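Since the structure comes first, as structure tokens, the remarks are kept for the end.
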Number of protein chains: 2
Amino acid sequence: MADTDWPGCGKSLKGVILDMCGVLYDSGEGGGVAIPGSIEAVKKLKASDLQLRFCTNETQLNREAFVDKLKRLGFDISVSEVFSPAPAAVAVLKERGFRPHLLVYDGLLPEFDSVDKTNPNCVVIGDAAEKFTYQNLNEAFRVLIGLEKPVLFSLGGGRYYKEGDGLALDVGAYMKALEYACDLKAEVVGKPSPTFFQSVLNDMGLQPHEALMIGDDLVNDVGGAQNCGMKGVQVRTGKYRPSDERHSTVTADGTVDDLAQAVDMILKQRH
Amino acid sequence: MADTDWPGCGKSLKGVILDMCGVLYDSGEGGGVAIPGSIEAVKKLKASDLQLRFCTNETQLNREAFVDKLKRLGFDISVSEVFSPAPAAVAVLKERGFRPHLLVYDGLLPEFDSVDKTNPNCVVIGDAAEKFTYQNLNEAFRVLIGLEKPVLFSLGGGRYYKEGDGLALDVGAYMKALEYACDLKAEVVGKPSPTFFQSVLNDMGLQPHEALMIGDDLVNDVGGAQNCGMKGVQVRTGKYRPSDERHSTVTADGTVDDLAQAVDMILKQRH
């Protein structure tokens, strides 16, 4: 590969943020499978002097269940290292007095246990997957269109992801459907929202130029991180497609075959 | 009502184009119900010296079955007077050598009997209603994303419509979902496509300024007709909402309570 001189991977680098699905593992039946070399790569990062956080738009499980799943796959990860949209959304809802109608996956519902959901004055959608039925979408639409000032929160804005047998539409597609039907603009909580990336940087106590994001999603991971002043590297696993390398608006600071290669290059350049 | 001086409703008017759902009838169980006064209003137009055509984005039934439904509701309408997206799409597909993957309502399938659907090189979506399942949307998405140059045709671009118990998402919302996921722009066949309106004008042998469109959809009926140089009037039935009367980009040439009132005003101004 040609990207031997990644900017931002030298001495100034102090922290790495990893996307999870498509970088650590591929989703699918039975919790998915680890991507070869990624378990070892996480170990190497943890053994280095770099800080490490995980940043996911996963919204099918609450964080506890999600981290348990990754542990079963062999990863050394704890809940406090993982940043996901649902807890961020709960904070926003409470702060601004919103009572959500939820269109999310069943596994995510516990995250919203502490939120008042009576007489909804907004809608929150996540990657509801097979719960994105015609009926459920109409129901969410009717709540929105019935509000004086419709407000839609979307847990992430992804276009699609790899799911076992192929690609599947992600929450961003359904967000666009509701935006168009209701003539509104959704508020994205999660990647690529700058607020979301900033909360991870704050947790590490780092400036944007001291951190590197590694993801398989060119627009949401790489582009989102770059918009915050971080460097962004894309892996050729997960939802990566060759056309990403000639995208019209986003150019990764580096492109590598997988996380294992990325980590080897980062650590090699630091010595 | 205040719109006593509709532009374009004087002597120069030679033809009227009527939207159907929400103007003639409200959809719902058992084929829906005629909107009060609309059967008589169609009769009056037919008895006048004005030409009359019907222009619908209905894509749940083929034209024969759709016209039969309206006849059962009491309307004097024939198939040759009705313009709908499916036949227009079939013409485009054949002309340009496209073999569609169809995501349409079962009742519409007969319209595509003559079209080669093997080894699809495009996707056609209509208002598939409860066939807009998570599985079917993913299937259409996978066909598109697997094409070297993805092409999506949408039978209409409506946001939502009134369905018995409430509002339901229309094909335009699902079109936006696929557009976003595949990073493409769909080709809309049907209202508000200028090509579609022009085909109706051609059939009447009229210039745009000689024709008036009456619909319940501000953007697709009224705005679409205005973009072609016609006048557009909105009725306060069907999917009409009070906020339409202060829309940011489309202003109807007139707004009336229903078709009966529109026809009475048109005919009165001609005498």
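Interface area, chains A and B: about 2900 Å² of buried accessible surface, summed, with a 1.4 Å probe and ligands, DNA and RNA left out. Beta bridges from DSSP with both residues in chain B: antiparallel share about 15 percent, rounded to the nearest 5.
Plainly put, the tip 7 Å out from Cα toward Cβ on A:VAL115 is 4.0 nm from that tip on each other copy, the closest given first.
Compare the peptides A:42-48, B:119-125 by average per-residue count of other Cβ atoms within 10 angstrom and give them in order, highest first. Mind showing how you got there, number by number?
Numbers: A:42-48: 15.7, B:119-125: 21.1.
Answer by packing, highest mean first, reads B:119-125, A:42-48.
Sorted from closest to farthest, the other copies place their A:SER80 label points 8.0 nm away, with each point set 7 Å from Cα along Cα→Cβ.
Reported to the nearest whole Å, the Cα centre-to-centre distance from segment B:76-143 to segment A:78-157 is 33. Using Cα atoms only, what is the angle between the long axis of helix B:171-182 and the major principal axis of chain B, expressed in degrees (0 to 90) to the nearest 10? Helix B:171-182 sits at roughly 40 degrees to that axis. Per residue of peptide A:137-143, the mean number of Cβ atoms on other chains within 10 Å of the residue Cβ is 5. From the residues B:ALA177, B:GLY157, B:ASN121, which one has its Cα farthest along the dipole of segment B:85-189 in the positive direction, the dipole being from +1 and -1 charges on Cβ of Lys/Arg and Asp/Glu about the Cα centre? Final value for the positive-end residue is B:ASN121. Per residue, segment A:85-189 exposes 38 Å² of accessible surface when a 1.4 Å probe is rolled over the protein heavy atoms with every protein chain present. With the label put 7 angstrom out from Cα along the Cα-to-Cβ vector, B:VAL92 ends up 3.5 nm from the copy partners, going from closest to farthest.
Projecting the Cα atoms of B:TYR105, B:THR59, B:ILE77 onto the charge dipole of segment B:1-132, computed from C-beta unit charges around the Cα centre, puts B:ILE77 farthest toward the positive end.
Pairs to check: A:LYS268/B:LYS149; A:LYS176/B:LYS131; A:LYS185/B:LYS94; A:LYS131/A:LYS239; B:LYS131/B:LYS239; A:LYS117/B:LYS176. Give those whose C-alpha atoms are more than 31 Å from each other in this structure.
Working: A:LYS268/B:LYS149 40 Å; A:LYS176/B:LYS131 19 Å; A:LYS185/B:LYS94 37 Å; A:LYS131/A:LYS239 22 Å; B:LYS131/B:LYS239 22 Å; A:LYS117/B:LYS176 28 Å.
Distance filter (> 31 Å) returns A:LYS268/B:LYS149; A:LYS185/B:LYS94.
Only the Cβ atoms of Lys and Arg (+1) and of Asp and Glu (-1) were treated as charged; on that basis the dipole of chain A about its Cα centre amounts to roughly 420 debye.
For chain A, relative contact order (Cα pairs under 8 Å, six or more residues apart, normalised by length) works out to 23 percent.
May I ask you to give the average projected area over all directions of the convex hull of the Cα atoms of chain A, in nm² rounded to one decimal? Walk me through the numbers before you get to the answer.
Numbers: hull surface 56.2 nm².
Mean projected area of the Cα convex hull: 14.1 nm².
Only DSSP H runs of four or more residues enter the estimate; each adds -39500 (n - 2.57), and after division by the residues of chain B the mean residue ellipticity at 222 nm equals -9000 deg cm²/dmol.
Taking +1 at the Cβ of each Lys and Arg and -1 at the Cβ of each Asp and Glu, which of A:GLY238, A:TYR134, A:LEU45 sits farthest along the dipole of chain A towards its positive end, judged by Cα position relative to the Cα centre? Toward the positive end, the furthest listed residue is A:LEU45. Between the helical axis of B:259-269 and the dominant principal axis of chain B, each derived from Cα atoms, what acute angle in degrees is found, rounded to the nearest 10? Helix B:259-269 sits at roughly 50 degrees to that axis. Per the Debye calculation on segment B:85-189 with a single equal scatterer at every Cα and no solvent contribution, log₁₀ I(q)/I(0) for q = 0.10, 0.12, 0.13 Å⁻¹ amounts to -0.25, -0.36, -0.42.
As an exercise, use a Förster radius of 51 Å and the Cβ-Cβ distance of A:SER80 and B:SER248 to find the FRET efficiency, rounded to the nearest 0.05. For A:SER80 and B:SER248, the calculated efficiency is 0.65. Peptide B:162-170 has a mean shielding of 4, counted as Cβ atoms of other protein chains within 10 Å of each residue's Cβ.
The values are calculated or read from the model by the stated rules, or taken from the named source; none is laboratory data. Since the model is a prediction, treat every value here as computed from it, not as a measurement. Positions of Cβ are generated from backbone atoms using ideal geometry, with glycine treated the same way; all protein chains shown enter the neighbour counts. Surface areas here come from the heavy atoms of the whole protein model, side chains and all, with no ligands, DNA or RNA. Shrake-Rupley method; radii C 1.70, N 1.55, O 1.52, S 1.80 Å.
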